[in-house]
1. Going by the structure shown, is residue 222 surrounded by fewer than 18 Cβ atoms within 10 Å (Cβ to Cβ) and in contact with a Cys (Cβ under 9 Å, 6 or more places away or on another chain)?
2. Show me the strands (runs of 3 or more DSSP E) found entirely inside region 88-152 where at least 2 residues are of a type outside the set (A, V, I, L, M, F, W, C) and farther than 16 Å from residue 8 by Cβ.
3. Any idea which of 112, 159 is surrounded by fewer than 22 Cβ atoms within 10 Å (Cβ to Cβ), free of Cβ contacts under 8 Å to residues at least 60 places away in the same chain and among the hydrophobic types (A, V, I, L, M, F, W, C)?
4. When only residues in region 7-33 that are touching a strand residue (DSSP E or B) at 6+ places or on another chain (Cβ under 6 Å), in contact (Cβ under 8 Å) with a residue 40 or more places away in the chain and of a type in the set (A, V, I, L, M) count, which is surrounded by the fewest Cβ atoms within 10 Å (Cβ to Cβ)?
5. Scan region 227-250 and tell me whether some residue there is out of contact with any His (no Cβ under 8 Å at 6 or more places or on another chain), within 12 Å of the ligand (Cβ to nearest atom), at positive phi and at pLDDT 95 or above.
6. Take residue 148 and decide whether it is out of contact with any Phe, Trp or Tyr (no Cβ under 8 Å at 6 or more places or on another chain), more than 16 Å from the ligand (Cβ to nearest atom) and within 22 Å of residue 250 (Cβ to Cβ).
7. Part of a helix (DSSP H, G or I) and either free of Cβ contacts under 8 Å to residues at least 12 places away in the same chain or among the aromatic types (Phe, Trp, Tyr) (or both), is that true of residue 85?
8. From 183, 207, which residue is free of Cβ contacts under 8 Å to residues at least 40 places away in the same chain, within 13 Å of the ligand (Cβ to nearest atom) and either closer than 17 Å to residue 227 by Cα or part of a helix (DSSP H, G or I) (or both)?
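The values are calculated or read from the model by the stated rules, or taken from the named source; none is laboratory data. Quick caveat, the model's predicted, so the values are computed rather than measured. Every residue, glycine as well, gets a Cβ built from its backbone with ideal geometry; the counts of neighbours run over all protein chains shown.
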Amino acid sequence: MIYNFGSVNVDNVYRVPHLVRPGETLASTHYVQVLGGKGANQSLAAARAGAKVEHLGAIGAADGWILALLDSAGIGTRHLATLDDIPSGHTVIQVDDQAENSIVLFPGANRAVPNEHLEAAITAAQPGDWLLAQNECGDLSRVIELALAKRLRIALNPAPMEAMIAGLPLERIDMLFVNRGEAQMLLAALGDQVEEHDHQRMLDLLAARYPGLELVLTLGGDGVRYANGELRLARPAFLVEARDTTAAGDTFVGYFLAARQQGERPEAALALASAASALCVQREGASSSIPERDEVDAFIAA
Ligand code: ADP
């Protein structure tokens with residue numbers, strides 16, 4: 001089982017002729033409301049990859065449709081709290097004719113997950129289950145502490161990155177996913193300066209700091225690098241025409257962790273996750289662009 005402690009957002013996406021200017025009132029020509037948030041995206045990706053997933057977090061009471069949507073994707077929602085006094089995390093996203101965007105984010109319920117709720121969820125987990133977490137939600141340090149005490153395996157995708165991440169007991173977790181900006185910021189917080197294009201050095205420095213972890217460094221169109229003890233792997237990205245890279249990292253994390261949890265070797269997990277995110281970047285949208293497992297298998301076989 002993967003217990004994913006993560007954000008759930010309601011994304012309100014407005015198509016506009018140009019991004020609204022100070023003092024201006026602008027009519028939008030098209031509006032959609034969709035599920036978003038790194039947490040929900042990663043739960044969907046892991047579930048679509050075939051893993052059993054329970055989502056930990058919180059939403060506002062007005063958004064029961066989110067529970068139904070996660071349920072229909074096979075994701076457990078027993079540990080997704082419904083809060084009466086605070087709305088769901090949500091965004092207001094403007095997208096203009098040039099595909100530029102601007103985003104207002106209200107973290108809402110994501111930042112108000114009750115601690116007793118977290119404790120109940122981790123108590124229900126079994127040693128050997130995975131805790132997956134990002135950094136858009138509640139008390140990350142507390143949930144890691146609880147998971148360590150329960151001897152869960154821990155996978156962390158510290159996005160968005162902030163300096164406090166370097167103060168977490170990362171040497172005691174099992175898997176760390178970072179993109180190059182996150183790797184650079186984490187290393188800087190640890191006192192190591194590294195150029196953003198020096199991928200090998202980034203990985204080597206992280207591996208020296210955290211020798212017991214599986215380290216996954218995603219590099220956008222440049223693919224991915226991986227370290228696990230002495231093992232080093234690198235994989236180029238699939239050559240595809242990227243239309244919208246939103247949720248590429250989330251798709252990668254969910255698919256890679258699901259594959260490893262199901263016993264796939266690192267090479268195979270990297271191939272599967274790279275293919276899933278290559279499909280994702282060819283589609284517009286966030287959660288809607290995360291592919292199903294059979295599409296990914298067909299893409300690899302083609
Ligand atoms: P994030 O979204 O967290 O910044 P990345 O941009 O590193 O993550 O992308 C994650 C993965 O998605 C990459 O390792 C790669 O496999 C895939 N990917 C991203 N951009 C492209 C692209 N332009 N073409 C093909 N695959 C891509």
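1. Working: surrounded by fewer than 18 Cβ atoms within 10 Å (Cβ to Cβ): yes; in contact with a Cys (Cβ under 9 Å, 6 or more places away or on another chain): no.
No: the conditions fail for residue 222.
2. 101-106
3. Details: 159 fails: free of Cβ contacts under 8 Å to residues at least 60 places away in the same chain.
Just one listed residue meets the conditions, 112.
4. Checking each candidate, the answer is 19.
5. In the first step, residues of region 227-250 are kept if they are out of contact with any His (no Cβ under 8 Å at 6 or more places or on another chain); the result is 227-250.
Retained after the next criterion (residues that are within 12 Å of the ligand (Cβ to nearest atom)): 234-250.
Then drop every residue that is not at positive phi, which leaves 247.
Checking which are at pLDDT 95 or above leaves us with none.
Checked against the condition, which is being out of contact with any His (no Cβ under 8 Å at 6 or more places or on another chain), within 12 Å of the ligand (Cβ to nearest atom), at positive phi and at pLDDT 95 or above, region 227-250 yields no hits at all.
6. Working: out of contact with any Phe, Trp or Tyr (no Cβ under 8 Å at 6 or more places or on another chain): yes; more than 16 Å from the ligand (Cβ to nearest atom): yes; within 22 Å of residue 250 (Cβ to Cβ): no.
Here the answer is no, as residue 148 does not meet what is asked.
7. Numbers: part of a helix (DSSP H, G or I): no; either free of Cβ contacts under 8 Å to residues at least 12 places away in the same chain or among the aromatic types (Phe, Trp, Tyr) (or both): yes.
So residue 85 fails the test.
8. Values: 207 fails: within 13 Å of the ligand (Cβ to nearest atom).
Answer to the selection: 183.
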